[in-house]
1. Mind listing just one residue for me: the one in the stretch 318-346 that is assigned to a loop (DSSP other than H, G, I, E, B) and within 21 Å of LEU290 (Cβ to Cβ) and, of those, farthest from the chain's Cα centre (by Cα)?
2. Does LYS70 satisfy the condition of being in a helix (DSSP H, G or I) and either assigned by TED's automatic domain parsing to the domain that holds PRO133 or not aromatic (Phe, Trp, Tyr) (or both)?
3. Of these, LEU64, LEU21, which one is touching a helix residue (DSSP H, G or I) at 6+ places or on another chain (Cβ under 8 Å), over 25 Å from SER299 (Cα atoms) and of a type in the set (A, V, I, L, M, F, W, C)?
4. Given the condition surrounded by 15 or more Cβ atoms within 10 Å (Cβ to Cβ), touching a residue at least 24 places away in the same chain (Cβ under 8 Å), among the charged types (D, E, K, R) and in a helix (DSSP H, G or I), answer yes or no: does some residue in the stretch 287-310 qualify?
5. When you look at ARG148, is it of a type in the set (Lys, Arg), closer than 30 Å to ALA2 by Cβ, out of contact with any Phe, Trp or Tyr (no Cβ under 7 Å at 6 or more places or on another chain) and not in a helix (DSSP H, G or I), yes or no?
6. Which condition does ALA294 not pass, out of (1) modelled with pLDDT of 95 or more; (2) in contact with a strand residue (DSSP E or B) (Cβ under 8 Å, 6 or more places away or on another chain), if it passes all the others?
7. Only one of these is more than 30 Å from GLY81 (Cβ to Cβ), outside any helix (DSSP H, G or I) and not polar (S, T, N, Q): ILE172, ILE162. Name it.
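The values are calculated or read from the model by the stated rules, or taken from the named source; none is laboratory data. The shown structure was predicted, so the numbers you read here are calculated from the model rather than taken from an experiment. Note that each Cβ is placed from the backbone with ideal geometry, even for glycine, and that neighbours are counted across all protein chains shown.
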Amino acid sequence: MARPWDYAESIVVARAIKSRLLRLDVIREAALASDLGEALLALRESIYTGLSESKTLTQALTALWSSYFKTVRYMARFTPGEAIDSVMAMEREEDLRDLLVVMQRAYSGRPLDERLPSTLYEGTLTSIIVKDPEALTSYQKIGELAARTWASSYVNDALRVIREVKVGLPIIWAIPLLIVKLHYSHISKLSGAKRRGLENLLCPHLEDKILSSLILAKNLDIPVKLLETLWAGIRICDFSLESIRSVYEREADPLSLAGELKGVLRDIKIEGKTMQDILSSSRKSSRLALRRNAIHVMSGYPFNPAFLVSSLILLRLEVDDILFILSSKAYKIPPDQILQNLSFEV
């Protein structure tokens, strides 16, 4: 178990990250900008290396993601052993999602026609694997390349799902659940107040992933037995598959399932009359709650994994906001719609 002074250097890094975040009024100014160029100008004082010099959306995205991944790695250099996996999970979540998207494309025979965040930074597992041309067309090859890496067990889980679902059925529903499993594997290694603190911090995020997985699975008519292949033994945020098994099996469609889950998932709001509305409201409320949790944690006792992760959560929420603003400007989405989807109340 790490002692308080083992956190000394990483706490300095965490506080520096928080202190260098953009003011919310600057992000709001970027959201209200007339076009992409003006939005980039509003963000010129940001910490993201290369963002102010960007001329295109692709250049801006590369600058944002590269800075984010570099920051996570930098913090990991000073983090005590008990917290390293929790810190690195802030990178690995995106890396795992992207790797599973590549696997989904290979499984369905579709080309990978977008730039995934993890491919914009050298050193992530996804960026390494996609350099092998065979990985883009063979999901089995991805399993071979991921063997003996941190992602091995999650990729193997995805391969099991592929073997068990009907031919051609997408595995996209499994990705959020595997992200929950990633965080759970690190949280479960902690004990006492450190475990409770990290779990409580992440609950809004994890509940959003759980809801997304269940809604997508129900929409695809995935049997509960297949959910068990990924979720066996996991209990997090007072939630387990056993606690909602009967609800999942009983409800006939995603909307009725979401209605039943309102009383179970405590940290997110479930609103709307369509599946898209429900998932959007869940993500929005999750991000707001996650920001509040992170700010609260960073105002308290610092010698724990949750304090370090909180600074990276605040950074990631800022990155997400900027990504959304810049992408929206490129596609000419009205400012009022942009403001409604940011991670803070406007």
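1. VAL346
2. Yes, satisfied.
3. Just a single option satisfies the conditions, and that option is LEU64.
4. Looking for residues that are surrounded by 15 or more Cβ atoms within 10 Å (Cβ to Cβ), touching a residue at least 24 places away in the same chain (Cβ under 8 Å), among the charged types (D, E, K, R) and in a helix (DSSP H, G or I), one finds at least one in the stretch 287-310, hence yes.
5. For ARG148, the condition - of a type in the set (Lys, Arg), closer than 30 Å to ALA2 by Cβ, out of contact with any Phe, Trp or Tyr (no Cβ under 7 Å at 6 or more places or on another chain) and not in a helix (DSSP H, G or I) - is met.
6. Checking ALA294 against (1) modelled with pLDDT of 95 or more; (2) in contact with a strand residue (DSSP E or B) (Cβ under 8 Å, 6 or more places away or on another chain), the one that fails is (2).
7. Sole residue among the options that is more than 30 Å from GLY81 (Cβ to Cβ), outside any helix (DSSP H, G or I) and not polar (S, T, N, Q): ILE172.
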